[in-house]
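**Q** Please find one structure pasted underneath; my questions will follow.
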Amino acid sequence: MIKLQIVGNLGKDAIVKEVNGKNVINFSVAHTERFKDSTGNLKERTTWVECAYWTDRTAVAQYLKKGKMVYAEGSPEADAYTNKENQAAATLRMRVQSLQLLGGGDGSPNPAPSSIGSSTASVATSSAAMSDMAAPADDLPF
């Protein structure tokens with residue numbers, strides 16, 4: 001099994017299309033990673049994933065706006081091609097199986113993360129809930 005999970009921001013508003021009588025929501029997600037290189041300089045790398053979510057629940061598309069943060073998981077696909085500069089390049093795509101709105105991007109967080117699709121696990125957990133789950137220091141097993 002190969003599964004791709006991404007947490008990132010939408011690069012553009014989602015587009016709903018009908019293909020052969022089925023609905024698909026197309027959107028792109030960007031994940032930016034910040035790290036230090038071998039010389040200690042701060043670097044940034046952004047990975048884009050083109051997403052296709054085949055679903056009858058197209059009402060979610062109205063919330064998939066540029067800048068919104070989402071969690072998506074599904075099956076990855078990669079296609080190699082030669083770009084305009086005649087260099088090898090690749091496109092990363094995902095057939096989305098579950099989608100979760102995480103809020104953000106427009107200055108107003110979602111009141112609660114909303115999960116769409118087959119996933120039952122919650123990705124975003126409030127800091128209050130996390131602190132409730134933390135064990136007291138004296139209860140550590142070592």
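The values are calculated or read from the model by the stated rules, or taken from the named source; none is laboratory data. The model shown is predicted, which means the values in this text are computed figures rather than measured ones. We place every Cβ from the backbone using ideal geometry, glycine too, and count neighbours over all the protein chains shown. SASA here: full protein model, heavy atoms, side chains in, ligands and nucleic acids out. Shrake-Rupley method; radii C 1.70, N 1.55, O 1.52, S 1.80 Å.
**Q** So which residues in region 16-41 are free of Cβ contacts under 8 Å to residues at least 24 places away in the same chain, part of a strand (DSSP E or B) and open to solvent by 70 Å² or more (accessible area, probe 1.4 Å), if there are any at all? Steps first, please.
**A** Within region 16-41, the first condition is being free of Cβ contacts under 8 Å to residues at least 24 places away in the same chain, and the residues that meet it are 17-21, 28, 30, 33-41.
Now drop any that are not part of a strand (DSSP E or B), which leaves 17-19, 28, 30, 33-36.
Matches in region 16-41: Lys17, Glu18, Glu33, Arg34, Lys36.
**Q** Among the residues of region 50-78, write down those that are open to solvent by 50 Å² or more (accessible area, probe 1.4 Å), hydrophobic (A, V, I, L, M, F, W, C) and not in a strand (DSSP E or B).
**A** Once the filter is applied, which keeps residues that are open to solvent by 50 Å² or more (accessible area, probe 1.4 Å), hydrophobic (A, V, I, L, M, F, W, C) and not in a strand (DSSP E or B), region 50-78 yields only Ala59.
**Q** Residues that are at positive phi, out of contact with any strand residue (DSSP E or B) (no Cβ under 6 Å at 6 or more places or on another chain), at pLDDT 55 or above and open to solvent by 60 Å² or more (accessible area, probe 1.4 Å): does region 79-98 have at least one?
**A** Yes, region 79-98 contains a residue that is at positive phi, out of contact with any strand residue (DSSP E or B) (no Cβ under 6 Å at 6 or more places or on another chain), at pLDDT 55 or above and open to solvent by 60 Å² or more (accessible area, probe 1.4 Å).
**Q** Okay, moving on. Report every pair of residues separated by at least 6 positions or lying on different chains whose Cβ atoms are under 9 Å apart, first residue within region 48-67 and touching a residue at least 40 places away in the same chain (Cβ under 8 Å) and closer than 18 Å to Leu92 by Cβ, second open to solvent by less than 70 Å² (accessible area, probe 1.4 Å) and of a type in the set (Phe, Trp, Tyr).
**A** Filtered contacts from region 48-67: Glu50/Phe27; Cys51/Phe27; Ala52/Phe27; Tyr53/Phe27.
**Q** Return the residues of region 4-15 that are assigned to a strand (DSSP E or B), surrounded by 13 or more Cβ atoms within 10 Å (Cβ to Cβ) and not polar (S, T, N, Q); say none if nothing qualifies.
**A** Hits for region 4-15 are Leu4, Ile6, Val7, Gly8, Leu10.
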